[in-house]
């Protein structure tokens, strides 16, 4: 993605103007997972995603059917384009003219190519926003490893760049409060349509990960299990806030989707489909499914929830309402820009407020040593102490 940048000024600017509020950064890059955009891209994409894990093509072909169900095209890249447009509009509204780039980990535009073009355009220091809000290896450190690999590849070409990233933003109000509002809207609509029925059950959903990955998420000053704990805390806060809004108790549960490991490997449970069956056995008749673990309606949402979980709900006779992801919600987009400005202010050594809810302590912008380690191999990762 080509974004020519102006050469830096010869003399420093004394008084910060709106357009240089992102000093010392020359560009912002949105870093995402990526996805195929045509049927012939599906298997190469899945091989890149699972590189080094010795997963046979027969297993990958099964996963590929999820994509072929939607014409061989993942929705994630179009959603990233929409998010980039919304971010650009919000940055322009605030007078922040810093270039905005996009690089994927597993599909074009590849992060290395994007950073190379940025360097050619004059960028030397970049701040990254990832499309993942929580803390664990796959949702944080693996992004940091891919950024380090991209910087290493460019270094071999003689191109020097530095990257910082915004903090994990699961408890930044731009993300957390937006999720509360979206769930509240869905529950209130159901409740007001038939107030005589019991309140619907809220089921918050996120991507399952191996238990070993959760156990090692956030060690150091933390005790591990940070991934699960973050989701549990947001789920509980959503239940409390919605209960207060409609004036009656509403229970919120946490469930998981998209398990992909061998049966012998423990992953976080319950699976969303199993949980729906358990709720029906309890006598629940209405559920509001909220994909709080995701920032957009990509494959884990449109297949695992909108297809499989909805089929399960229909089979069980459950009325199911699926809450939107934060996507390009104005509050979420504004929050991401706030996070970028916050990171720039911290890089300049300024004191800055870091709003955090429901857990009041923000995650560090520089990950602590030992946080969310790679359990398969020791690989370098940027934006951290190790």
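Just a few scattered comments:
- Members of the range 122-139 found to be out of contact with any strand residue (DSSP E or B) (no Cβ under 6 Å at 6 or more places or on another chain) and more than 10 Å from residue 27 (Cα to Cα), listed by number: 132, 133, 134, 135, 136, 137, 138, 139
- Candidates 123, 149, 118, 97: the one that is part of a helix (DSSP H, G or I), more than 22 Å from residue 379 (Cβ to Cβ) and touching a residue at least 60 places away in the same chain (Cβ under 8 Å) is 118.
- Residue selected from the range 67-80 under the condition over 15 Å from the mean Cα position of the chain (by Cα) and not in a loop (DSSP other than H, G, I, E, B), by the criterion surrounded by the most Cβ atoms within 10 Å (Cβ to Cβ): 67
- Residue match in the range 133-143 (condition: touching a residue at least 12 places away in the same chain (Cβ under 8 Å) and under 25 Å from residue 40 (Cβ atoms)): no
- Considering the range 298-348, the residues that are in a loop (DSSP other than H, G, I, E, B) and closer than 30 Å to residue 125 by Cβ include one that is modelled with the lowest pLDDT, namely 298.
- The single condition among (1) exposed (fewer than 13 other Cβ atoms within 10 Å of the Cβ); (2) modelled with pLDDT under 80 that residue 3 does not satisfy is (1).
- Checked against the criterion of being in a helix (DSSP H, G or I), under 30 Å from residue 346 (Cα atoms) and in contact with a helix residue (DSSP H, G or I) (Cβ under 9 Å, 6 or more places away or on another chain), the range 165-174 has at least one qualifying residue.
- Sole exception among (1) modelled with pLDDT of 95 or more; (2) not in a helix (DSSP H, G or I) for residue 143, by number: (2)
- Matching entry among 280, 286 (being free of Cβ contacts under 8 Å to residues at least 40 places away in the same chain and over 19 Å from residue 209 (Cα atoms)): 280
- Condition check for residue 330: under 19 Å from residue 96 (Cβ atoms) and surrounded by fewer than 18 Cβ atoms within 10 Å (Cβ to Cβ): yes
The values are calculated or read from the model by the stated rules, or taken from the named source; none is laboratory data. Computed from a predicted structure; not experimentally measured. No Cβ is skipped: glycine too gets one built from the backbone with ideal geometry, and neighbour counts run over all protein chains shown.
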